[in-house]
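See below for the structure under consideration.
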């Protein structure tokens with residue numbers, strides 16, 4: 001009696017049973033849990049980085065306002081706003097302005113790409129960002145940021 005040999009790939013084919021639905025669901029739950037944990041960490045870091053970036057921009061704008069104050073003898077009025085850092089407000093307002101702008105337009109927006117708000121009485125100033133929610137007040141990452149706030 002001669003023995004026929006079963007090809008190697010056919011011998012193992014019958015022994016493979018694949019993954020069951022429960023095994024696939026367990027793997028998906030593990031992957032989903034990891035994704036949720038990592039995703040939450042990434043979003044928290046993004047929120048924190050937006051606040052930090054806005055505070056850094058407040059610092060840059062403050063430096064520009066200090067240079068303007070040194071040349072002009074006061075800060076721009078609230079009505080003139082931060083535009084006085086970009087364009088000459090006139091010799092009657094600031095005879096020593098420039099000759100180069102005090103700031104670049106890119107630093108005059110917050111991390112959410114909205115204009116930094118500015119108020120001044122001429123002797124002091126406050127820079128403000130409405131935060132992620134784009135509204136006055138707010139809590140969490142939607143809280144308003146002020147240049148006068150401590151870090």
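Throughout, read-outs are computed from the coordinates displayed, never taken from laboratory work. Only a predicted model underlies this, so the values are computations on that prediction, with no experimental measurement involved.
When only alpha-carbon atoms count, how far does region 19-63 stretch along each of its three principal axes, as whole angstroms with the largest first?
Cα extents, longest axis first: 64, 10, 6 Å.
If contacts are Cα pairs under 8 angstrom and at least 6 residues apart, what is the relative contact order of region 20-146 in percent? Working shown, then result.
Values: 138 pairs, mean separation 26.7, N = 127.
Relative CO of region 20-146 lands at 21 percent.
Counting residues in region 93-151 as N, plug N into 2.2 N^0.38 Å and put the Cα Rg over that result. Present the calculation step by step, with values, prior to reporting the outcome.
Values: Rg = 13.9 Å, N = 59, 2.2 N^0.38 = 10.4 Å.
For region 93-151, the normalised Cα radius of gyration is 1.34.
Do the sum for the chain: with -39,500 (n - 2.57) for every DSSP H run of n ≥ 4, divided by all residues, what is the mean residue ellipticity at 222 nm, to the nearest 500 deg cm²/dmol?
On the way: 2 runs with 58 residues, N = 151.
Helix contribution divided over all residues of the chain: -14000 deg cm²/dmol.
Per Stokes-Einstein, at 20 °C and 1.002 mPa s, what whole-number D in µm² s⁻¹ belongs to the chain, with the Kirkwood radius over Cα pairs as the hydrodynamic radius? Mind dumping the intermediate values first?
Values: Rh = 20.0 Å.
In µm²/s, the coefficient rounds to 107.
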